Amino acid sequence: MTQISTASEGNAEFALQVRQAIQLAMYGTTQVAVLLIKFDELKHPLGADSQTSTSFGNAIVLRIRNGLRESDTVSLLGNGQIGVLLRLVQNPQDINLVITRLLTQHIEPAQTNDEVVALAPRIGVGVFPDHSETANGLLDRARNDLAQAIAADKTHNVYIPQTKGRIASRLWMKELRQAIVKDQLFLTFQPKVSLSRQQVTGFEALVRWQHPEHGIIMPDQFIPFAERTGLIIPMTLWVLQRALQQCRAWNESHLDLSIAVNLSMWNLEAQELPEQIEALLRDSGVAPKNLELEITESSIMNDPERVIRTLKKIRELGVGFSIDDFGTGYSSFAYLTKLPVSSIKIDKSFVKNIEADRDSSVVVKSIIDLGHNLGLKVVAEGVENVQTMELLRNFQCDEVQGYYLSRPVNADMATKFLLEYGTAATDRQTTIPVDRPPANPLH
Ligand code: G
Ligand code: G
Ligand code: MN
């Protein structure tokens, strides 16, 4: 798809392609980079308005193109410049890699019709969304960057990606912000059931987005984005508030239940979190012991000392913590004993296979024993059939969660499920049938 245009039409054509690339990236999470390359020694041949200079320029364009991906574009522009458009940049560091490759690959002499010219490229860079969100903005930025590099007698300025909070997609950002304000988010609830007491001990709140055009969007599709943009903070507060409100309703009906809410790394790094949780608990009237916060191993690792301080403050309020997706993160065995957690949730990737796969079952059994030896409650997630549940019971697992019991469902269905199975306060010791799956409220 790499295209080559003549210098005269190159500028307009290139700008158009940059514009189209930005429009696409607006809805995605990739970046777009514009590189402007100027070859010092080529001023004359490329600048001259002649057949020779154009074919010479085209030869260089072809050479550059060989080092790029199919989706990238190389154009011969005016002023002895070559434009490179990188459309689908997944990793910000790739931009510097491409620049380095261009500099090392194209520095050797090139042969024109009558002379050998040493190539000394300079490169300027403009990146969406870091530097601008318009094609002209990116081109201006790349031109300025190039001029600066030339003035400083450097080959290029190193592109420094904006780290946290980099806005990858303005449209999503705007829509997601509105989703919170316009109440397009809603919660589903998935029960956790105690194997020894055969009662519902609590629900995990899982957020969904009812998008006006795209329908229901699952969290996998917007949480990573919310995390990148910082929107995860107001979103989590919203989830906490609604989850507590629902928990309060259940508690008022004398159902002694806890509610679990997932936190992300960003939440844990915010200093205000303990106060905010304290305020939300106070406003909702839910007993702190009935709130459980799920955190992952990897969300702790960025700044463990600080996160542990935050966790301890929240723990002092009486709120419980569990480690979610246990076994998939960077191992934090060193921290496991230092964290104020009360339970671990074994990741569903291990649980799913325990009847078929001996390795998985050994891992699951070992995690259960490890948890118990540390005085922790152990929950298995992703329980999809009765065999798995019975095996977990043999392994002395404390609680189970998964499609076999119930998918995440709305509050009314969750309440129905509760009344069917009983909780600590209802005193209805209904047993979970072993011969057939429980009625799935979704079907
Ligand atoms: O609900 P399930 O469908 O698809 O969730 C997918 C992922 O999204 C899980 O890893 C889950 O922990 C996460 N998730 C769901 N709801 C929330 C939420 O309210 N906050 C955060 N941070 N993650 C959530
Ligand atoms: O990361 P976390 O554990 O918070 O994610 C919970 C996710 O697991 C949600 O997406 C939820 O829909 C999903 N889930 C819950 N029970 C099951 C199950 O039995 N099987 C599978 N495959 N996914 C499940
Ligand atoms: Mn979870």
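Descriptive notes on the structure:
- Residues of type aspartates and glutamates that LYS365 reaches as a straight line, Cα spacing below 18 Å, ignoring anything fewer than 8 places off in the same chain: ASP324, ASP325, ASP347, GLU355, ASP357, GLU381, GLU384, GLU390, ASP398, GLU399
- For HIS211, the residues whose modelled amide H falls within less than 5 Å of its own, excluding neighbours fewer than 5 places apart on the same chain, are ILE216, ILE217.
- Cross-link pairs exceeding 20 Å between alpha carbons, from the set LYS38/LYS154; LYS338/LYS377; LYS312/LYS348; LYS289/LYS345; LYS289/LYS352: LYS312/LYS348; LYS289/LYS352.
- The amide H of GLU384, built 1.01 Å from its N in the peptide plane, has TYR404 as neighbours under 5 Å, considering only residues 5 or more places off or on other chains.
- For ASN410, residues with placed amide H under 5 Å, excluding near neighbours: PHE189
- Eligible lysines near LYS182 by straight Cα distance, threshold 29 Å, same-chain separation 8 or greater: LYS164, LYS174, LYS416
- With R₀ fixed at 41 Å, the C-beta to C-beta distance from ILE150 to ALA279 puts the FRET efficiency at about 0.15.
Coordinate-derived values only; no laboratory data. Because the structure is a prediction, the values reported are computed rather than measured. For neighbour counting, all protein chains shown are included, and Cβ atoms are generated from backbone atoms with ideal geometry for every residue, glycine included.
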